[in-house]
Amino acid sequence: MATVTFDKATRVYPGTERPAVDALDLHIEDGEFLVLVGPSGCGKSTSLRMLAGLEDVNQGRIMIGDRDVTDVQPKDRDIAMVFQNYALYPHMTVADNMGFALKIAGTPKADIRQRVEEAAKILDLSEYLDRKPKALSGGQRQRVAMGRAIVRQPQVFLMDEPLSNLDAKLRVQTRTQIASLQRRLGVTTVYVTHDQTEALTMGDRIAVLKDGLLQQVGTPRDMYDTPANVFVAGFIGSPAMNLGTFKVNGGVAEVGPARIPISRAAVAGMIPEDDGKIVLGFRPESLDVVSQADASAFPVEVNIVEELGSDAFVYGTLKGDLAGADVHSGAGDDQLIVRVDPRNVPAKGERIYVAIRPGEEHVFGAGSGKRLES
Amino acid sequence: MAQSLQITASSPDPDLLDLPWEIPLEQWPDERLAALPRGISRHVVRFVRMRSGVIAIKEIGESVAYREYELLRQLGRIDVPSVEPVGVITGRQDVNGERLEAVLITKHLQFSLPYRALFSHALRPETATRLIDALAVLLVRLHLVGFYWGDVSLSNTLFRRDAETFAAYLVDAETGDLHQKLSPGQRNYDVDLARTNIIGELMDLAAGELLDDMVDTIAIGDALVERYNELWTALTDEESFDVGERWRVAARIDRLNSLGFDVGELEITTDLGGTSVRIQPKVVDAGHHSRRLLHLTGLDAQENQARRMLNDLDEYRAALDRQNEDQEFVAHDWLTEVFEPTVRSVPRELRGKLEPAQMFHEILDHRWYISQQQQRDVPMLEATASYVENVLRHRPDEQAILGLPPGSKQEGL
């Protein structure tokens, strides 16, 4: 087991100017489950492949434990790409399916059997070891595939969108299994996904990338509560955070008719590039429906109500004098999402007044996009 | 049921709409299916006979399906031997309105043989070597164009006979990626994975008692690595030698030709003193003979078959003393007077057994054999009749080998 360190690791593809991964600095603790997440083209898979030895590192270096592996061949890095190949062999027993790579490597028979039995115990497959894969359920077959990686006892597990070719049901099931299994094994794991829900539910820590640059790294709670910039704020959370650009005058942001006080520290943190404006972020669940009289209330016209039983969400348009305001959310431009009491939902076309719960607003510089601490 | 299927295809076959998309592929009625042997796949794959030929249907996640479809199209455009994608169908629902997985459709490669059919019938050591050679050539070609496969295996490859050897085709590009140029890490990883997968697949055949006990599975896997490295070096190495040793240039070209590659361009540089020369083959491609045959006759054949037919054409030209005539005219006469009558003289019901080019190649072989035996020049038609009786009749049908009884559902793991 080992730590993993990206030390200003850079990958530039031939013929391109902008690095696919730009001076990535990331330290992953021993036994940690780290998720690399971001939209397509952000550099997450490239980063993983650099660690696997499948992409050259043009600058910087990569360490596994104390060992610099930057120029080490993939097979000598002591890592395992899990789920690379999970087609099971029909004529072989489950035990042989799990242990065949060790047999190829010349591991003694007794050793193989011992490692396979240990892995099977963790995977709840002990009673199936002498059966053929045909006798297994879909989920059990997935576990045999994980077993193949486990018996190799690598220092680091790598997983590149392993759930992307599973159907929705098996995906949720396997997600939980991988996460709990990783915790039991305690093997350092780097996991790549484009799906922020997957990232939030699985990772000990999450690293968000965009355009080859690391945006923020932290626990799921950090990412959700204190996003470092506008991109992370909009990317993490479902439904996504509402974000709008507003002018700040005398310490208050003018959101339609509402006057929302902005902390002195945040205002002080603004730079000329921000042009006196902030991006105000507020999650759908940070809004309360209030009366029009409330000084911090702003009107939202209801376009549609989504009822999910335990929750209900209003998709609406911000009303009032909004010159210069640029509002968007997970629902699109000029749209806001508001979580409302599912037992008391407004009608379509109705105008409701909402206010941000004090302390739950996120303030970013309009020019820099960076979080302004309050 | 209200389904709104989305079909993405470059030239959609309207018959696709008649297939039972509202049923999970695993439960498709047997009468719809073509009983072709299936490889080991992590997905459900079925073959269906259509008017335009047999198609392979694979159930797979939507985004992955689109990605693989695009990749296969790109590979086709750059002439990499791979299966031809037909399209992607999404928006499937069953009768209860439950969402069903998207499918990727590819054309079944006619006359192709999965490794299970080739390896499990009393495998001769030469056959194993040829299959491994074919896979090594395919892998080198893929790597030369910058394709990282990510899951090289015998299951993800189909083989077609090419004279005495085989030509390998990529079937599954799901884990693949096209890069501008592959790093040594990517190539080594692909080769290492190929070795592990091949040995695993052969171990599986052995476990099912489908492979002779004498076969050394690990040695076959190692042979792939060795053969791959040899080919890669021959194609990409820079060579440096004395100016006096120019014959080395010709030798290098010969070596590449014998491996089935053409040298489009050589980079030759001489050092300042003019005492040594460095060469590196630049554009490399396979298929010179098959392109020439196609150009001359319109016949689409594999490289070695084409070489054999071109030799026969050259002999025909010499025998009739027509060397000074336009090649195209002579080729046309050869086609109508030699090739077509030969193939037509094979009884119709036996023609489906082999691809015409392979059959013609085997007839030439057979003619040589009986001519030797009988110490006379056996005419083509007589040789064909003898070939049909003594060889072809006893061959399995390769157009679509019926490896499994209809309706058998095994192997689709």
Inset, instruction - Would you work out which of B:PHE339, B:TRP247, B:VAL54 lies farthest towards the positive end of the dipole of chain B? Charges go on Cβ: Lys and Arg +1, Asp and Glu -1. - result: B:VAL54
Legend entry - Net charge dipole size for the protein assembly as shown [Lys, Arg +1 and Asp, Glu -1 on Cβ; Debye, nearest 20]: 1200
Inset, instruction - Can you tell me the relative contact order of segment A:231-365? Whole percent, Cα pairs under 8 Å, sequence separation 6 or more. - result: 31
Legend entry - Coarse-grained scattering of chain A at q = 0.12, 0.15 Å⁻¹, given as base-10 log I(q)/I(0) from a Debye sum over alpha-carbon atoms: -0.95, -1.21
Legend entry - Reduced Cα scattering model of segment B:64-170, Debye log10 I(q)/I(0), q = 0.10, 0.13, 0.21 Å⁻¹: -0.36, -0.57, -1.12
Legend entry - Calculated [θ] (222 nm, deg cm²/dmol) that DSSP helices of n ≥ 4 give over the protein assembly as shown, each run adding -39,500 (n - 2.57): -10000 deg cm²/dmol
Inset, instruction - Quick one: plug the Kirkwood hydrodynamic radius of the protein assembly as shown (C-alpha pairs) into Stokes-Einstein at 37 °C, 0.692 mPa s, and report D in µm²/s. - result: 108
Inset, instruction - Place a +1 charge on the Cβ of each Lys and Arg in segment B:113-235 and a -1 charge on the Cβ of each Asp and Glu, then give the dipole magnitude about the Cα centre in debye, rounded to the nearest 20. - result: 460
Legend entry - Cα gyration tensor shape of segment B:289-394, rounded if a/c is under 1.5, else prolate or oblate by comparing a/b with b/c: oblate
Legend entry - Cβ-Cβ FRET estimate between A:LYS75 and B:ASP216, R0 fixed at 22 Å, reported to 0.05: 0.55
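Pairs A:LYS103/A:LYS132; A:LYS132/B:LYS58; A:LYS277/A:LYS319; A:LYS103/B:LYS58; A:LYS8/A:LYS121: which are spaced more than 29 Å apart, C-alpha to C-alpha?
Beyond 29 Å between Cα atoms: A:LYS103/B:LYS58; A:LYS8/A:LYS121.
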Inset, instruction - Neighbouring Cβ atoms within 10 Å as the yardstick, rank B:TYR148, B:TYR369, A:TYR191, B:TYR169 fewest first. - result: B:TYR369, B:TYR169, B:TYR148, A:TYR191
Inset, instruction - Over chain A, calculate the relative contact order: mean separation of alpha carbon pairs under 8 Å at least 6 apart, over the residue count, as a percent. - result: 16
Inset, instruction - List the relative contact order of chain B as a percent without decimals, with contacts defined as Cα pairs under 8 Å and 6+ residues apart. - result: 16
Inset, instruction - Springs between alpha-carbon atoms under 10 Å, Gaussian network over chain A: tell me which of A:LYS44, A:LYS348, A:LYS210 tops the mean-square fluctuations. - result: A:LYS348
Legend entry - Value in Å of the Kirkwood radius, where segment A:32-74 supplies the Cα pairs that are averaged: 11.3
Inset, instruction - Work through the residues other than A:THR201 whose Cβ is under 11 Å from its Cβ and net out their charges, Lys, Arg +1 and Asp, Glu -1. - result: -1
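Throughout, read-outs are computed from the coordinates displayed, never taken from laboratory work. Please read these numbers as outputs of a predicted model, since none were measured by experiment. All Cβ positions, glycine included, derive from the backbone under ideal geometry; neighbour counts span all protein chains shown.
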